[in-house]
Each structure stands twice: as structure tokens, then as C-alpha cells.
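Have a look at the structure below before the remarks.
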Amino acid sequence: MSIRGKVLSSSLWSVTGTGATMISSFVVFALMTRLVRPIDFGLVAFAALFIDTARGLMSGGIPIALIQRKTWDEDAASTAFWMHIGSAFLFVAAVAALALPLAGTDSSISSGSSAPLAAVFVALSASIVIDAVRGIHEAKLRREFGYKQLAIRTVIASLVSGLAGVALAFAGFGVWALVGNRLISSVLQTAIVIAAVRWRPKLLFSKAECAGLFRFGRDMIGALLLAQLNVRIADFAIGFVLGPLALAYFRVGSRAITFLVQVGITPIQTTSLSAFSRLGEAPSIARAYLRMTRATALVSFPLFLGAAAVAPDFVAVCFGPQWAPSGPILTALGLVVAPATLLYFVQPALTALGRTKLVLASNLLTLVLNAVAALATVKFGVVAVAAGQTIRSFVTAPFALSILQKAIGLPMVQAMKSVAEPFIAAAAMAAAVLAARLYVFDSLSAPARLFLCVVLGSALYACLLLTVGRRQLGEVILELIPHLPPRARAAAEWVVSKIQPPTPAQSLR
């Protein structure tokens, strides 16, 4: 199978697996918002800022170095495994050094919660080591485009850990239901992935391989650290300045955006590094970037802008009226879709070419502007912080695209034109849905209003896309057709025949 075929097949499986996992996780999260107090959510969210940052660094660096290599080397893989485990313990120590003094000295953070912050830190830190044990195994699966196996096993782990977490919440464990859900998920995913991958590390450690992995990982870890801080800088500002309750509202408001990203975008983004690394040359990577960005835009624009339009009703229906302050946060964050869509595949493209210094420079600038935006807006409240982060994305996007242009020769204007059609269709749809929600459906209950808005938005976007983005939609479907099941393939071919105008040769027949 060609690289493009492997990417499409892997992306479909990754989307399916991640979608099923995120749907189950979202249902679990929605149930827990009704069973666990907001202050307890805030406490775990504050502790998770440190833990998730460390986990994000562990998922990159060394594993990415193995994926980026042209061939799989057993000595390098074994060396990487032991480096990865050692790094996990170093990260745990760093988390403890940074977080535990804070947990012990600032009792106000734990005020009103059912558990001390220090105990939550210690419990969640174990997940860093547990996740590290499977890191190299996952890298091998990703190198070999084994996303089908990974997807199935991730769904199983998510379902089981979710059920366990809800059971603990029903039993009244509060904070520990949230902690238990995370730990059980880590243990199950690690056990399942290791059982699935026919690879075991050797008891060896090559200094030469270690040096090579370290050289690649050094810049990559720096870039990942900046990327992690970019994602969480607003959370840190809110947690430290406004407290865990405000952080809980922010995390619930951003949960829908996170859900949409992880279902619709992250699976394709995950497979993109494997694909870009095999393509090797800048022109090929530029063409692949455009294909992936166009396909992503068809999904990301309607989801993000639609979520922004129906945010208050969505929050009320999914999480309950006690989370009403999260609605405006979701609206503000949903407007980030335009720059976000253009930037999803910038870092994988640069990493595949070994241009990690450019990734580092881009992330450093973004971090500085993110910090400035967060510090400037946090005193005005949580909604202001969310709006500031969205505005910052529009400011930094041109800089990141200029770096991409320098690396792979893709003009910035061409990148923006590639998403213009779905943006126009989605923006018009969101405006119509917002007007209907405010002036037509305003007297209805929140569930009824949300249902009608979703139906209206889906129909409008489909009609508008067939009007302004017919060619782009047809091209994306054509690329997917060879990798669909027979019945779905026949349906897709029929759709393409209806939406694509005939070629001149066909018209003469």
C-alpha cells in the first residue's frame, strides 16, 4: 500500500478509535459533572496541570525520534525504552519538586475539597511512569501504521476505566473517583498495548544510540515543553489567580473544544508525522499538508463555529445548570478555529524534516504571547482569558505559516486559500444558527433548542458547502474511496458523481 493509502487507512481507524474513546470519555465526564462537586473538579484540574504537562513531554521526544527514523533498529529501540523509563522518574521528581511545596503551603487551593492537594499530586504522578512503560511500544505501532490495533485497544481501556470512574463517583468517592478514572485508564492502556505489540526491550543500553536520541530529543523536548505550556498557560493563570473553582468552569467550557479536536483532528494529526517522515522531501510534504488541512477544515470549521453558536444550551444540557458560567467560555474558545486549522500540521511537517529548531522558535513566540494575553486578561475573569487566547491565535498564525513557507516552500496565501470554502460555509451557518437560537427558538427549553439548532446547522452547512465548496468536498471523498468498505465505497462514489461537475471529456460523450 502507498504512503497516502496507509495514511488514509490509518487516519480512518484513528478517527474511529479516537471518536469512540472520546465519546465514551465525554459521556463519563458529563455524568461525573453531575456527581462530583465543581470544587473537586477544580482541585483535580489544578493537579493535572502539572501531571498532564509532564505526560505530554513523555509522549514526545524519544518516541518521536523513533517514529521519525527511516528504519526500526532494535538496539536503538531498547536504549530508547530505558531512557524513557528513566525520564519518567525524572519527570515525577520534577513534578514533586514544583508542585508539592505549593500543595503544602497554600491550603486555600484545597479549601472546600474532600482531599488535600498533595495527596492528589502523589496519586496522579504514578500515571506518568505507567504511561512511559508503553511509550516505545506505541511508537512502534505508529511507525508501522498499526492504528487499527491501537484504536480497538484504546476504546476497550476507555470504556472500562470510564465505568469504574462513574461507579466510584456514584459511591461518593468525590475527588478519588476522578483520580481513579485516570489511573485505571493508564494501567489498562499500558497492559493492552504491551500485549498487542510483539516487541520486548533488550537488557542493553547503547551510548551511541543514546547520544543520537538525545540530540534529536533535546530540541524536540524543548519544543514540546513550550507547546505544553502554550496549551496550559491560561489554566495556570486561572488556577493561581482566580482559584480552582474558576479553573473548573474553564476546563468544563473548554472540554467540548477538546472533545471536538480529539475526535476530528488529533487522529489525523497523529498519523501525519508518520506520513510526513516517509515522504522525506519538502515538496511532497507541502502537498500532503494541503490535503490534510483541506480535509480537516471540512470538519473543524462547522464543529467549532457551531459549538460557539449553541454553547450556553450545550453546557446546560450536557453538564447541568450549575456549569452555566462555562457557556461563554466555550463560545470564546470556539472562534479559534481558523488559525487552529491552519496550524494543526505545521509542527509534524517541520519535525519530519528534522527542523526542530524552527518548531522551538515558533512555540517560544507563541508561549510569550500566550503568557502576555493570559496575564493581561486574567484579572477581568475567565471569559476574558478565553477571548484573549483566541485573539492571540490570530496574531501568531501568520508567523507560524511563514516558518512553514521557509521550510517546505508553501506560500502562506495558498495555505489560507485551501480552507476558504469551508470557512465561508461554516461562518454563514453559525451566524444563521445563532440568530435562530436567539430570536426564533428562544421560548423553547434548552434541550429542544439545542436539538433544533443542530439539525438546522447540519442542513445549512451541507447546502452551503455544496454551493461554495463542491470541488474541495469531491476531492476529499475521492481520496477516501479506495479505503472504505464496499458498501460505503459505492455510496461515496454516488455522492461524488452528484456533486462534481463532469469533465470536458465526459460532457462530449
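The values are calculated or read from the model by the stated rules, or taken from the named source; none is laboratory data. This one's a predicted model, so the numbers in the text were calculated from it and none came from an experiment. Please note: Cβ atoms are built from the backbone with ideal geometry, for glycine as well, and neighbour counts cover all protein chains shown.
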Which members of segment 272-322 meet the condition of being among the polar types (S, T, N, Q) and farther than 18 Å from Ala256 by Cα? Ser272, Ser274, Ser277, Ser284, Thr293
Just the residues that are closer than 18 Å to Ala415 by Cβ, among the hydroxyl-bearing types (Ser, Thr, Tyr) and modelled with pLDDT under 80, please, taken from segment 256-307. Ser272
Of (1) among the small types (Gly, Ala, Ser); (2) assigned to a helix (DSSP H, G or I); (3) modelled with pLDDT under 90, Gly388 satisfies every one except (3)
Counted residues, segment 68-79 - those being assigned to a helix (DSSP H, G or I) and either more than 25 Å from the chain's Cα centre (by Cα) or on the phi > 0 side of the Ramachandran plot (or both): 6
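With the structure loaded, tell me whether Pro447 is in contact (Cβ under 8 Å) with a residue 12 or more places away in the chain and either more than 20 Å from Val337 (Cα to Cα) or in contact with a strand residue (DSSP E or B) (Cβ under 9 Å, 6 or more places away or on another chain) (or both) or whether it fails that test. Steps first, answer last, please.
Working: in contact (Cβ under 8 Å) with a residue 12 or more places away in the chain: yes; either more than 20 Å from Val337 (Cα to Cα) or in contact with a strand residue (DSSP E or B) (Cβ under 9 Å, 6 or more places away or on another chain) (or both): yes.
So Pro447 passes the test.
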Subset of segment 416-442 (residues that are touching a helix residue (DSSP H, G or I) at 6+ places or on another chain (Cβ under 6 Å) and outside any helix (DSSP H, G or I)): Ser418, Val419, Phe441
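Look at Ile136 and say whether it is over 29 Å from Phe214 (Cβ atoms), at pLDDT 75 or above, under 22 Å from the mean Cα position of the chain (by Cα) and assigned to a helix (DSSP H, G or I).
When the stated conditions are applied, Ile136 does not pass them.
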Which residue pairs have Cβ atoms closer than 7 Å, lie 6 or more positions apart in sequence or on different chains, and pair a first residue in segment 282-311 that is at negative phi with a second residue that is among the hydroxyl-bearing types (Ser, Thr, Tyr) and outside any helix (DSSP H, G or I)? Leu290/Ser418; Thr293/Ser418; Arg294/Ser418; Thr296/Tyr344
Tell me, please, whether a residue that is under 21 Å from the mean Cα position of the chain (by Cα), among the polar types (S, T, N, Q) and under 24 Å from Ala65 (Cα atoms) can be found in segment 370-380. no
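Any idea which residue in segment 443-455 is surrounded by the most Cβ atoms within 10 Å (Cβ to Cβ), counting only those that are assigned to a helix (DSSP H, G or I) and out of contact with any helix residue (DSSP H, G or I) (no Cβ under 6 Å at 6 or more places or on another chain)? Outline the logic, then answer.
Let us first name the residues in segment 443-455 that are assigned to a helix (DSSP H, G or I), namely 446-455.
Then keep just the ones that are out of contact with any helix residue (DSSP H, G or I) (no Cβ under 6 Å at 6 or more places or on another chain); that gives 448, 451-452, 454-455.
Values: Ala448: 13, Phe451: 16, Leu452: 18, Val454: 15, Val455: 11.
Looking at residues that are assigned to a helix (DSSP H, G or I) and out of contact with any helix residue (DSSP H, G or I) (no Cβ under 6 Å at 6 or more places or on another chain), I get Leu452.
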State all residues of segment 294-323 that are surrounded by fewer than 23 Cβ atoms within 10 Å (Cβ to Cβ) and among the polar types (S, T, N, Q); if no residue qualifies, say none. Gln322
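Within the bounds of segment 307-318, is there any residue that is among the charged types (D, E, K, R), in a helix (DSSP H, G or I) and over 24 Å from Arg251 (Cα atoms)?
Narrowing segment 307-318 to residues among the charged types (D, E, K, R): 313.
Then keep just the ones that are in a helix (DSSP H, G or I); that gives 313.
Going one step further and asking which of them are over 24 Å from Arg251 (Cα atoms), we end up with none.
For segment 307-318, residues among the charged types (D, E, K, R), in a helix (DSSP H, G or I) and over 24 Å from Arg251 (Cα atoms): absent.
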Being over 29 Å from Ala349 (Cβ atoms) and at pLDDT 70 or above, is that true of even one residue in segment 55-73? no
Search result, residues across segment 387-434 that are free of Cβ contacts under 8 Å to residues at least 60 places away in the same chain, within 23 Å of the chain's Cα centre (by Cα) and closer than 20 Å to Arg471 by Cβ: Ala420
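Do you know which residues across segment 213-237 are of a type in the set (Asp, Glu) and either modelled with pLDDT of 70 or more or in contact with a strand residue (DSSP E or B) (Cβ under 8 Å, 6 or more places away or on another chain) (or both)? Working first, answer last.
Taking segment 213-237 and keeping what is of a type in the set (Asp, Glu), we get 219, 235.
Correct list: Asp235 only.
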Condition first: among the hydrophobic types (A, V, I, L, M, F, W, C) and buried (at least 18 other Cβ atoms within 10 Å of the Cβ). Can you find one or more residues in segment 210-218 that meet it? yes
Checking Thr377, Thr331 in turn, the sole residue that is closer than 24 Å to Phe41 by Cβ, without any contact (Cβ under 8 Å) to a residue 12 or more places away in the chain, surrounded by 21 or more Cβ atoms within 10 Å (Cβ to Cβ) and not basic (Lys, Arg) turns out to be Thr377
